Amino acid sequence: MTRERCKRTGASGAIDETGARGAGPGEPSVPAPGRNEGGVSGERLVLFTDAVTAISITLLILPLVDLVPEAASAHEGASEVITGHLDQIWSFLLSFAVVANIWQEHHRTFSTVNKATRSLTVWNMGWLLSVVVLPLPTEMIGTFGRDRFVARSTTRCSWSAWCADWPC
């Protein structure tokens, strides 16, 4: 349904582009059922967070998947994909465990949130940033080994994700 048609059919109860249900000419519109004024629902914020976290945790495996054709083109055996890349596998498992853990804590923290205020949404976006960035330092551990700079950046990123998830 186009915007113009929604606007014209407001009197019949169609929801317009702002999410408001049309009442009729000259009458104020009312929010659509389940829609909060002044913020999004807590459930919507959690669903968005779940989606970003799911994508982030899924993308963790891609560097390991890329190892298979590389090993095949180098005429390496299948076992060498695993044994020759233990650091990368460890970094994948570490990232997966950290993201899974902080996601569980996020759900525990947000289980009672009914409405997401602007400040809570901004805080949540910061938390999501730490989740999305976390695979970078752990991949660096897998690639560069036990470099001090890499270890410090991984620790800082992990702590920022954990600390951002603590309830206020």
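Brief remarks follow.
- The HN-Hα couplings worked out from phi for segment 76-90 by the Karplus form 6.51 cos²θ - 1.76 cosθ + 1.60 (θ = phi - 60°) are 8, x, 4, 5, 5, 4, 7, 5, x, 9, 4, 5, 5, 5, 4 Hz, whole numbers, x standing for Gly and Pro.
- Cα centroid separation, segment 131-153 to segment 48-63 (Å): 18
- Cβ crowding within 10 Å, taken as a proxy for footprinting-reagent exposure, orders Ser119, Ser56, Ser95 from fewest neighbours to most as Ser119, Ser56, Ser95.
Throughout, read-outs are computed from the coordinates displayed, never taken from laboratory work. Small disclaimer: the values here were computed from a predicted structure and weren't measured. Don't worry about glycine lacking a Cβ; one is built from the backbone with ideal geometry, like all the others, and counts go over all protein chains shown.
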